[in-house]
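Have a look at the structure below, then the notes.
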């Protein structure tokens, strides 16, 4: 009896069985392939261009910069600029430099009880500071404290200020500010936004803003306007009475790993970094008239 169960498939019967199995597997695989093919493909990572694409600069801008429309004057363009201390100036430049669409940010140094700090406008806005997280504490309705950022070297915690659409950051370095000093800075620093979108700052109590011509740590720290950022070329306009006798350029221009050059014209230092043709054109042809 046991022999009838010892069946070895061979010949035509064996082939028929394998064909049947193949048909069953094919029927099972059809819906699986359909499900897989209906899924969206994995998105490819976007690799940013090393420099802004000129044809796109008028439609792309960082969230924490101001693009001021300029008026054409012959082959040049002109607009009125307002520095962080409220000082006004007329800026005239070759249209090819596209200065208005590069976007500008304010900068000024600040002292709190004798400790120097920088008031920086992060190029990409508050996301550079917050990383989508939560603040450590709040010092005022518009001032929050954020943790030290990974890879920030000697920089510590960050105070983030909100003035209308603008975001300013104060990074701790070395001997950090005390709680009382942070509170004084949060209460003593005031900002207003002009009709054209410029940020004008003022300070009181133990907080003092740097004035034109002042330096700290070897760099000019008075009120400035920075044009551009990211991986592209940059220009800094720095009011500095008597700047003919100095060659120091702002830290943002000096510390970008590219050749930096500057010229002093009518009490304003024009500092530039970027391609050689860009630097030469900017230094030779940008004209600034303080008002």
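Every number here is computed from the coordinates shown, using simple stated rules; none is lab data. Just so we're clear, the structure is a prediction, and the values are computed from it rather than from any experiment. When we count neighbours, we look across all protein chains shown, and the Cβ atoms used for this are built from the backbone with ideal geometry, even at glycine.
How big is the Kirkwood radius of the range 135-270, worked out from every pair of different alpha carbons and given in Å to one decimal?
After inverting the pairwise mean of 1/r, the radius is 16.7 Å.
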Rounded to one decimal in nm, the spacing of the 7 Å Cα→Cβ label points at residue 215 and residue 285 is 3.2 nm
Protection-proxy order for peptides 69-75, 263-269, 220-226, each taking the mean of Cβ atoms within 10 Å per residue, highest first: 220-226, 263-269, 69-75
Quick one: length gained pulling residue 192 to residue 148 fully straight, 0.36 nm per residue minus the C-alpha distance? 13.1 nm
Express the relative contact order of the range 54-290 as a whole percentage, based on alpha carbon pairs under 8 Å and six or more residues apart in sequence. 19 percent
Expressed as a whole-number percentage, the relative contact order of the range 223-291 with C-alpha contacts under 8 angstrom and at least six residues apart is 30 percent
Calculated FRET efficiency for the pair residue 113/residue 136, C-beta based, R₀ 25 Å, to 0.05: 0.75
Part-to-part distance (alpha-carbon centres) for the range 214-291 and the range 195-211, which is given in Å: 21 Å
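Give me the percent relative contact order of the range 156-253, please, defined on Cα pairs under 8 angstrom at least 6 residues apart.
With pairs under 8 Å counted, the relative contact order is 16 percent.
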What is the Cα coordinate range of the range 54-290 on the first, second and third principal axes, sorted by size from largest, in whole angstrom? 53, 39, 35
